[in-house]
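Encoded as structure tokens, the structure appears first; notes follow it.
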Amino acid sequence: MADTAPSPSPGQTVRPGNEDWWAVGIGLGIVIAALVLSHLGLSLRWLAVLPPRWKSLGEVTADLATNYPRYLAQFVFWAAVFGGALSALGYRLRDFLVAFVPLYLAAYVIFVLGQWDKAVAYNLEPPLVALFLGLLVANTVGVPARFAAGLRGEMYVKVGIVLLGATVPLTLIVLAGPVAVGQAAVVSIVTFAVIYFIAVRLGLDRRFAATLGVGGAVCGVSAAIAIAGAVGAKRENASVTISAVVLWAIVMIFVLPLVSRGLLLPTGVAGAWIGTSEFADAAGIAAAQAYGGLAGKVPGITGTADQALQAFTLMKVLGRDVWIGIWAVALAVVATTRWRDQPGTGAPDVSEIWRRFPKFVIGFLAASAIVSVVTAGLTLTAYNKVAIPAFVGPIKDMRTWAFIFCFFSIGLTTRFDQLARAGSKPLLAFSAGVAVNVVLGYVLSVYVFGSYWQHLGG
């Protein structure tokens, strides 16, 4: 994931913990709470408040004057659940709150910009605005080190992905599974092979080449850390891989939606291409959400906003991310048995697949299963009139807040001077993989499986 994983504040001791499981707990807790409230004739809607669509700032101030108790309650809720989780992981609650207050306020402003009636004309999609503003701040005035406790992009995106599961029916996952898994397998293997062999030809260490290859083939930060440990690569090898991933993930956030718009791709097709060709979950969600927002607003772009996110999720989260554990075990075997001219990593352990498996995927599937079971007896009309207003809609809005926290955090923790130190050879090898990945992803998404993705969920 394209989160630079900010270090703890000075003096903090972060205890080992599984951030994935905390994200699953928070996400499923929101889904279950929405379901219980709906059963009681209530709704999570009051807490899931968003700024309204507006033409004049007077509408914004009027909304704020009316709904400020809801925004305040929402802030307290997010601060409590994220603060509690991060405190359990060893971060200081005080440091988290110092960072989260401006983070929430910035997210509100970004939402307001995105709700402007001319936002689409000026490309002011909230995810892109959040990322751009974060990058601007990080690379000009900078961000205090103590803010690291609140800029937990990976935590926020994992919660958002779990909540995303509530809007992706389990039946759709079952039907799309073979297509997504097959397309993801082709892309993962080909991208790894291109990066690995070019890196070796350029004279890079094989363990470094493997780390770079999987970083491009699967999920940047998580893959870099997992594979570096599995094959015994140097610590700086993982850092360089993360730098390359962050650079290209940011570039693709803007390039893929722009090219898709120029080609007037259906939202489902564009979402699949983004899921195949992006290098991080958070970055891909930003791109897919931005493009999905053009549906119904830009002539010639067919489909729905949900199709873009659903196709992306099926390709990236369920298709590519699960390869982390597979690559970790496979390359650990190779490093131990074949690369004996370098320090060994110990006997390969098949249980590594489970340890490296992204646990938030389980949360995503669980959320999908819960909502699918609860709404199984509803017709499409009843689903739209009852389920969406009662509990699916509020979950979707809470998910959007989590994603904005993520995108802004990524921008605030990305420094271009760090990327520049990566060196030309690793970046060249990774960039070659990018070129192949994007072209291959386009061919598979548009021509091979284009009809399927275009009618996703139809």
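Number of residues in segment 86-99 that are out of contact with any Pro (no Cβ under 8 Å at 6 or more places or on another chain) and touching a residue at least 40 places away in the same chain (Cβ under 8 Å) equals 9. Inclusion of Leu378 among residues that are at pLDDT below 80, more than 23 Å from Leu256 (Cβ to Cβ) and surrounded by fewer than 21 Cβ atoms within 10 Å (Cβ to Cβ) is warranted. Whenever a residue of segment 30-46 is among the small types (Gly, Ala, Ser), its partners that are crowded, with 16+ Cβ neighbours inside 10 Å, lying with C-beta atoms within less than 6 angstrom and at least six residues away or across chains, give the pairs Ala34/Leu44; Ala34/Phe391; Ala34/Pro394; Ala34/Ile395; Ser38/Ala390; Ser38/Phe391; Ser43/Leu37; Ser43/Ala390. Just one of the listed residues (Tyr156, Tyr91, Tyr104) is assigned to a loop (DSSP other than H, G, I, E, B), closer than 24 Å to Val24 by Cβ and either modelled with pLDDT of 90 or more or out of contact with any His (no Cβ under 8 Å at 6 or more places or on another chain) (or both), and it is Tyr91. Restricting attention to segment 134-153, which residues are under 18 Å from the mean Cα position of the chain (by Cα) and more than 17 Å from Tyr91 (Cα to Cα)? Within segment 134-153, Gly134, Leu135 qualify. A residue that is under 23 Å from Trp273 (Cα atoms), hydrophobic (A, V, I, L, M, F, W, C) and touching a strand residue (DSSP E or B) at 6+ places or on another chain (Cβ under 7 Å) cannot be found anywhere in segment 142-157. Answer yes if at least one residue in segment 319-340 is assigned to a helix (DSSP H, G or I), closer than 22 Å to Gly450 by Cβ and in contact with a helix residue (DSSP H, G or I) (Cβ under 7 Å, 6 or more places away or on another chain), and no otherwise. Yes: one or more hits. Each residue in segment 100-154 was checked for being closer than 24 Å to Phe77 by Cα, among the aliphatic types (A, V, I, L, M), in contact (Cβ under 8 Å) with a residue 24 or more places away in the chain and in contact with a Leu (Cβ under 6 Å, 6 or more places away or on another chain), and 1 pass. Sort out which residues of segment 398-435 are at pLDDT 90 or above and surrounded by fewer than 19 Cβ atoms within 10 Å (Cβ to Cβ), and write them in order of number. Result: Leu428, Ser431, Ala432, Ala435. Criterion applied to Ser277, Ser260, Ser239 was being within 24 Å of Phe405 (Cα to Cα) and more than 15 Å from the chain's Cα centre (by Cα), and the one residue passing it is Ser239.
Check segment 53-66 and report whether any residue there is assigned to a helix (DSSP H, G or I) and either among the basic types (Lys, Arg) or closer than 30 Å to Ser368 by Cβ (or both). No, segment 53-66 has no match at all. Of all residues assigned to segment 165-174, none qualifies as being among the hydroxyl-bearing types (Ser, Thr, Tyr) and modelled with pLDDT of 85 or more. Counting only residues that are surrounded by fewer than 23 Cβ atoms within 10 Å (Cβ to Cβ), among the polar types (S, T, N, Q) and within 15 Å of the chain's Cα centre (by Cα), segment 285-327 holds 0 of them. If the condition is being among the β-branched types (Val, Ile, Thr) and in contact (Cβ under 8 Å) with a residue 24 or more places away in the chain, then segment 238-290 contributes Val240, Thr241, Ile242, Val245, Val246, Ile250, Ile253, Thr267, Val269, Ile274, Thr276, Ile285. Check whether at least one residue in segment 116-133 is modelled with pLDDT of 85 or more, outside any loop (DSSP other than H, G, I, E, B) and touching a Lys or Arg at 6+ places or on another chain (Cβ under 9 Å), and report yes or no. Yes, there is a match, as at least one residue in segment 116-133 is modelled with pLDDT of 85 or more, outside any loop (DSSP other than H, G, I, E, B) and touching a Lys or Arg at 6+ places or on another chain (Cβ under 9 Å). State which residue is farthest from Gly284 (Cα to Cα) when the search covers only segment 238-253 and only residues that are touching a helix residue (DSSP H, G or I) at 6+ places or on another chain (Cβ under 7 Å) and surrounded by fewer than 24 Cβ atoms within 10 Å (Cβ to Cβ). Per the stated criteria, the residue is Ala238.
The values are calculated or read from the model by the stated rules, or taken from the named source; none is laboratory data. Nothing here was measured: the structure is a model prediction, and the numbers come from that model. FYI the Cβ positions are ideal-geometry reconstructions off the backbone, even for glycines, and counts take in every protein chain you see.
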